[in-house]
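The structure appears below as structure tokens.
The values are calculated or read from the model by the stated rules, or taken from the named source; none is laboratory data. A quick note: this is a predicted structure, and the numbers were derived from the prediction, not measured. Ideal geometry is used to build each Cβ from the backbone, glycine not excepted, and the neighbour counts take in all protein chains shown.
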Amino acid sequence: MILGVAALCAAASSSQAQAPVSVSVMTSYASQYVFRGERLGGPSFQPWVEATAGDLSLGVWASTPISAKVPGQSDPELDPYASYSISLPAHLSLVPGCTLYTYPRAPVGKGFYRSRFEPSVGLTWSALGVRVTPKAYYDLARRGATYELTAVAAVPLSSLGTEADVTATAGDTQLSSAVNGASPAIESRGEYWLLGVTVPVQLTRQLRASVGWAYTQATSSYLKQGILPRISNPAAAGRAVLTVALGFSL
């Protein structure tokens, strides 16, 4: 699975050989860890590092719980990822990518996966301070797709010398093997949405901070095994999430 990340990097490396490299390091606190409508942790420390060379981006995102740990999740979670942006006409970009989700301490015997590889492809339209991205993901371990539509609008805050980035997301997940080793396989289906705002502040040329708030909600989320009736997904959640981040670029 790690080869998938390496393959994307190798495919793009020749065209990026002369591009300058920038590195960003960010540390973040999140009051809740909610991902695609599922609560994976309580208050969490979530740092990441990303290197960019032209249109190629490589990074590692991590999460570890501070309190209210959810068993089997995020203790820690380490996710290397890669993406490549291909410019198209009419303010469009095609962005293939991939993420390797890893959970080194996940209890496999209780149905958790220790690693999951997920390639993705998105089409981004950007103009007039608005960015719209439909995106599709496929989880090779859990054998299922996630379809997501995200819109981001930058609202100027002239008096503060910054902007408010308003984000709206709607998604649908359809997994055929949500629980590791289950027989018959357990399906997981559900929809989710998120609405939030983030205000970035450039403190110095290299140092920046941000504060964000979002509300995210799972809807119609259920598990189903074989001919048994559906049951509500116990991880499905509706939560308000506060994030505070501080980082620098090289």
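For the range 202-226, a residue qualifies if it is among the hydrophobic types (A, V, I, L, M, F, W, C) and at pLDDT below 95, and exactly one does: 203.
Mind checking which strands (runs of 3 or more DSSP E) fall wholly inside the range 38-84 and carry at least 1 residues that are in contact with a Gly (Cβ under 9 Å, 6 or more places away or on another chain) and surrounded by fewer than 16 Cβ atoms within 10 Å (Cβ to Cβ)? Can you show your working first?
Numbers: elements: 38-41, 48-53, 56-65, 77-84.
In the range 38-84, the matching strands (runs of 3 or more DSSP E) lie at 48-53.
Residue count for the range 100-115 satisfying the condition of being in contact (Cβ under 8 Å) with a residue 60 or more places away in the chain and part of a strand (DSSP E or B): 2.
The single condition among (1) at pLDDT below 95; (2) touching a His at 6+ places or on another chain (Cβ under 6 Å) that residue 128 does not meet is (2).
Restricting the search to the range 173-190, which residues are assigned to a strand (DSSP E or B) and buried (at least 18 other Cβ atoms within 10 Å of the Cβ)? Before you say what the answer is, go through the steps one by one.
Initial filter on the range 173-190 (assigned to a strand (DSSP E or B)): 173-175, 186-190.
Residues satisfying the conditions are 173, 175, 186, 187, 188, 189, 190.
The set of residues in the range 55-92 that are at pLDDT 95 or above and among the small types (Gly, Ala, Ser) comprises 57, 59, 62, 63, 82, 83, 85, 87.
Among the residues here, residue 205 does not qualify as part of a strand (DSSP E or B), among the basic types (Lys, Arg) and closer than 30 Å to residue 246 by Cα.
If the condition is being touching a helix residue (DSSP H, G or I) at 6+ places or on another chain (Cβ under 9 Å) and either under 20 Å from residue 55 (Cα atoms) or buried (at least 18 other Cβ atoms within 10 Å of the Cβ) (or both), then the range 95-117 contributes 96, 97, 98, 99, 100, 117.
The set of residues in the range 139-157 being surrounded by 15 or more Cβ atoms within 10 Å (Cβ to Cβ) and among the aromatic types (Phe, Trp, Tyr) is empty. The set of residues from the range 219-237 being touching a Ser or Thr at 6+ places or on another chain (Cβ under 7 Å) and of a type outside the set (S, T, N, Q) comprises 222, 223, 236.
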